[in-house]
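J.: What follows is a single structure, and I will ask about it in a moment.
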Amino acid sequence: SDEVAMQKNMGVMMVPSDEALNNYFTNQEGKVLLEEYGSLDKVPNDVIVELINNNMLSSFTESVPSKFEGILNDANDPMGVSVSAIDSVWLGCNGAIYLTNRVYSPTSFVSVLYPAVVKNNLKVMRWAVEQNQYNVYLNSLNSRYSFFIPSNGALQCYMDPTSYGKVNRSLCRFYYDEERKAVRAWLRECDANGVVVEGTDSFEITDNRLIVKRLQDILDNHIVIGDVENGNEYFRTKGGQEIRVRNASLGASGMTVEGSRQINESAPINVSYVYDQTKAGNGKVYILEEPIMTTEKNVMDLLAEVPEMSLFKDLLEGSGLMESSRDGHPCVKQTNIKLFNAYHYTIYAPTNTSLAGFPTWEEVEAEVNPMKRAADSTKIMNMLLLHIQDGSLFVGSGNHAEDGYETSLVDPTTEKFVRIYAELKDNNLFVRRTQSSASIKRKVLTTAGKYNLMAREYIVNDKNTTQDEDDELYSTSTAVVHLIDGPIE
């Protein structure tokens, strides 16, 4: 380098023998390259350079046999170089060559990134990963990932969340432009079901930053930290959304995945191919021909769909806890819960029957005694705040011992958020006020359509009220809504 004289140090190239390379491309990680491109001379430079770069070391003094254990790969993980892998050494005027009997794969060839790096039909997601600098994250071999990758074709039919609150939504179409080596995107008006409105124009998103931001939201909803084949159904993504995975053991023969939009529409996505990167890498990759999408329903939408939740909905609606904008940015819908703040939550809605006799806002307004009016108002607010919990809990996400979760209710004596205690056991969810044996355990009613109801609330940076190409997500929060057999008290 400019700082180190050549006489003091030099570079090293790890050069595999022809036999080692042939074995690598025939039987090991490189096999996919030949399957995809037919021959090595057709492999694009930006793919093969990943392999070459990983086998070029910048310091000979740090790469001598006594320091082999300290040699790191392109992800700063131990490369695993051993003396037995080095057949010969040649010294040149500006560096050394180690002839190796094995190939040291770049991290991207063994991590969950591999399919996106080598497959032509996954270039949109590869570009998204690189632009958002998620390659460092997904190349970490110290973690375990389940990475769902929609194909290029799948990402030509993506419902843009920034348009959810409008009469006509926007269908976003992402394309990889081979000439520009970049992703381009267009928006086209569509109805609530994603059907394009005939006679409308397409608008290109010309601001590269807005394309990258949209793809980041997609990435966040397609990455799960951990294994989705552990027998559970619900898993939290990197973005805090929940997805449902079914028949995971069947792989491409029957495994399905659903985002909150697919769950609400009963439209599961089939997994078309599975790449197992667990042997030398950090997880599994699931190829999709449709993108995972999040719902446009917020908490109030879900409460309105379940008749047994109507009293709780009315109390929440009249509580003053709703907002239509935040920090000057409009909510996609006018009834976002202002307590939510870019996190995930659980809403417990007691049945109408269990709330019989509970004061209503109409009764509070009609009350002439100011002390009783204040007491009833406080009673309603405390009940509502106690039933809004930080952290989303899903029936079907495995067994979890009883633990405390903060609610939105503040204890005036301690000035801390009140905790409630929830337990997941045998596909049931129980919640109670305290861990005292006298505290009543409330149970989530696991009747279809009354639990695990998924909401997402959006705040957008809306620069134009008629066109969506300049809009972007400012903030989002998610929540799961359950009907419970009685109020927590």
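J.: Please enumerate the residues belonging to segment 283-342 that are of a type in the set (Ser, Thr, Tyr) and without any contact (Cβ under 8 Å) to a residue 24 or more places away in the chain.
T.: Hit for segment 283-342 is 324, nothing else.
J.: Only one of (1) under 20 Å from residue 285 (Cβ atoms); (2) free of Cβ contacts under 8 Å to residues at least 40 places away in the same chain; (3) surrounded by 16 or more Cβ atoms within 10 Å (Cβ to Cβ); (4) out of contact with any Leu (no Cβ under 6 Å at 6 or more places or on another chain) fails for residue 113. Which number is that?
T.: For residue 113, the exception is condition (4).
J.: Are there any pairs, at least 6 apart or on different chains, whose C-beta atoms fall under 8 Å, with the first in segment 260-277 and more than 19 Å from residue 153 (Cβ to Cβ) and open to solvent by 40 Å² or more (accessible area, probe 1.4 Å) and the second among the basic types (Lys, Arg) and assigned to a strand (DSSP E or B), and if so, which?
T.: Note: pairs meeting the criteria are 276/284.
J.: Can you pull out the residues in segment 118-169 that are of a type in the set (Gly, Ala, Ser) and open to solvent by 10 Å² or more (accessible area, probe 1.4 Å)?
T.: 140, 143, 153, 165 - these are the residues of segment 118-169 that are of a type in the set (Gly, Ala, Ser) and open to solvent by 10 Å² or more (accessible area, probe 1.4 Å).
J.: Kindly state which helices (runs of 4 or more DSSP H) lie completely within segment 1-114 and contain at least 1 residues that are over 30 Å from residue 149 (Cβ atoms).
T.: Passing ranges, in order: 18-27.
J.: Check off (1) of a type in the set (Asp, Glu); (2) more than 30 Å from residue 184 (Cβ to Cβ); (3) open to solvent by 50 Å² or more (accessible area, probe 1.4 Å) for residue 470 and give me the number that stays unchecked.
T.: (2)
J.: Determine the pairs where a residue that is touching a residue at least 24 places away in the same chain (Cβ under 8 Å) and closer than 12 Å to residue 141 by Cα, located within segment 61-78, has a partner that is in a loop (DSSP other than H, G, I, E, B) and open to solvent by 50 Å² or more (accessible area, probe 1.4 Å) with Cβ atoms under 6 Å apart, the partner being 6 or more residues away or on another chain.
T.: Qualifying pairs under 6 Å: 77/141.
J.: Taking segment 430-452 only, how many residues are of a type in the set (Ser, Thr, Tyr) and either in a strand (DSSP E or B) or open to solvent by 90 Å² or more (accessible area, probe 1.4 Å) (or both)?
T.: Residues meeting the conditions: 1.
J.: Another question, then. Going by the structure shown, is residue 427 modelled with pLDDT under 95, under 27 Å from residue 229 (Cα atoms), open to solvent by 20 Å² or more (accessible area, probe 1.4 Å) and not aromatic (Phe, Trp, Tyr)?
T.: Yes.
J.: I need every pair where a residue in segment 80-100 that is exposed (fewer than 10 other Cβ atoms within 10 Å of the Cβ) has its Cβ under 9 Å from the Cβ of a residue that is assigned to a helix (DSSP H, G or I), sequence separation at least 6 or different chains.
T.: Between residues of segment 80-100 that are exposed (fewer than 10 other Cβ atoms within 10 Å of the Cβ) and residues that are assigned to a helix (DSSP H, G or I), the close pairs are 83/65; 83/68.
The values are calculated or read from the model by the stated rules, or taken from the named source; none is laboratory data. Predicted model, so just to flag it, every value in this text is computed and none were measured. Positions of Cβ are generated from backbone atoms using ideal geometry, with glycine treated the same way; all protein chains shown enter the neighbour counts. For accessibility, only protein heavy atoms count, side chains too; no ligands or nucleic acids. Shrake-Rupley method; radii C 1.70, N 1.55, O 1.52, S 1.80 Å.
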